[in-house]
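Worksheet for the structure shown next.
The values are calculated or read from the model by the stated rules, or taken from the named source; none is laboratory data. In this text, all values refer to a predicted model and were calculated from it rather than measured experimentally. FYI the Cβ positions are ideal-geometry reconstructions off the backbone, even for glycines, and counts take in every protein chain you see. The area values use the complete protein model at the heavy-atom level, side chains included, leaving out ligands, DNA and RNA. Shrake-Rupley method; radii C 1.70, N 1.55, O 1.52, S 1.80 Å.
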Amino acid sequence: MKAQIALVTGGTGGIGTAICRHLHDKEIRVISGYSRGGDNSYALKWQDEQQKEGYQFDVIYGNVSNFDSCAAMIDEVITKYGKIDILVNNAGITQDATLKKMLPDQWSEVLRVNLDSVFNVTQQVIHGMIERGFGRIINISSINGQKGQFGQTNYSAAKAGMHGFTKALAQEVASKGVTVNTVSPGYVATDMVKKMSAAVLDKIITQIPAGRLAEPSEIGHVVAFLASEASGYITGANIAINGGQHMY
Ligand code: CAA
Ligand code: NAP
């Protein structure tokens, strides 16, 4: 068994897959969370495809918006691997609408999956990290949590909240060898962005100085950097990866 164990929520998604691969490249044993209403067929297919390309990952069910489901997920990982050294809170969704049209469910679902999830999972791994004197927690936020975005009051609030969580927890565990950081990608070429109308997306791309979407691998690279033992003095930071779209 490899020395370090990482759990990546939403690991079978676009950015998640790249994160899993970059961690694997650093000799870390990676477990990917999935949900899909408990249907494991997509995750098993993903696992098989990754294996054919030389990446060996475990997959585990967990609905990150539900505390008890996360408890079962963490228990299963601990039973099998004994510990979690690296946690990447990556699972997320969008349900875009202007506030005047936004339904209560669109608000609460986005807050539950993007923000409550960070509590639901992290609260259950933090004890072990503190006991062992080592941990890396990386929260995947968004440029839109930093600058706000038309049509995303729900998502922008949730993603901004993630970094508040990061800064508070970073202070609580800095002396215990545990770092907590946020990564805030700009627009990345995944299914989440492909869901947008082409007209809206094209307009957004014109506002990106780099002139293109990010590749998922460009996010995975930074996550693996933050996860490394050598990054132990970086904590409470929010690393923007947005091609220059938002500088502050
Ligand atoms: N700024 C100002 N006004 C805007 C605008 C903008 N960016 N976009 C639309 N409007 C205006 C329209 O011109 C229109 O004006 P009039 O009423 O005067 O004609 C009005 O707003 C339309 O308002 P509606 O409530 O009817 O909006 P809609 O239902 O047509 O569209 C929306 C709403 C689907 C949310 C659309 O605005 C949209 O797709 N916005 C982009 C959201 C976005 O960036 N999502 C990112 C998803 S990926 C992701 O989130 C990953 C990540 O982290 C980066
Ligand atoms: P994606 O391909 O749609 O992946 C989203 C992942 O989240 C999926 O693997 C999905 O797993 C998981 N997920 C959704 N709801 C879940 C739940 N209730 N429980 C457990 N897992 C759940 O999107 P992505 O672009 O890779 O996004 C990954 C993260 O990056 C998100 O947090 C997103 O907000 C953030 N982000 C994305 C962009 C971008 O432009 N793409 C930019 C900035 C930040 P299942 O399919 O198994 O449910």
> Among residues other than LYS52 whose Cβ falls under 15 Å from its Cβ, what is the net charge (Lys/Arg +1, Asp/Glu -1)?
Replying inline: -1
>> Suppose we flag GluC sites (Glu not before Pro) only when DSSP calls them loop and at most 12 other Cβ atoms lie within 10 Å. Which is the longest uninterrupted stretch of the chain?
In response: 54-248
> Is the range 103-154 rounded, prolate or oblate when judged by the Cα gyration tensor, a ≥ b ≥ c being the square roots of its eigenvalues, rounded requiring a/c under 1.5 and prolate requiring a/b larger than b/c?
Replying inline: oblate
> What 222 nm value per residue comes from the helices of the chain, counting each DSSP H run with n ≥ 4 as -39,500 (n - 2.57) and dividing by all residues, nearest 500 deg cm²/dmol?
Replying inline: -14000 deg cm²/dmol
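Kindly identify the range 2-68 as rounded, prolate or oblate by the Cα gyration tensor criterion: order the square roots of the eigenvalues as a ≥ b ≥ c, call it rounded if a/c is under 1.5, otherwise compare a/b with b/c, prolate if a/b is larger, else oblate. Show your work: numbers first, answer last.
Working: a/c = 2.06, a/b = 1.37, b/c = 1.50.
Verdict is oblate for the range 2-68.
Taking R0 as 30 Å, what FRET efficiency do you get between PHE67 and SER228 from their Cβ-Cβ distance, rounded to the nearest 0.05?
Details: r = 30 Å, r/R0 = 1.00.
Computed FRET efficiency for PHE67 and SER228 comes out at 0.50.
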> Hey, if we sort ASP105, ASP85 by accessible area with the 1.4 Å probe, largest down, what's the order?
Replying inline: ASP105, ASP85
> So between LEU103 and GLU172, what do we pick up on full extension, going 0.36 nm a residue minus the alpha carbon distance?
Replying inline: 21.3 nm
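Using a 10 angstrom Cβ neighbour count of at most 12 plus a DSSP loop assignment to flag exposed trypsin sites (Lys or Arg not before Pro), which longest range of the chain is free of such sites?
Numbers: sites that count: LYS195, ARG212.
Counting only loop sites that pass the neighbour cut-off, the longest clear stretch is 1-194.
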>> Along the Cα→Cβ direction, 7 angstrom out, place labels at LEU201 and THR79. What is the inter-label distance in nm?
In response: 4.1 nm
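Skip the ligands, DNA and RNA, and give the accessible area per residue of the chain with a 1.4 Å probe, whole Å².
Numbers: 11600 Å² over 248 residues.
The answer is 47 Å² per residue.
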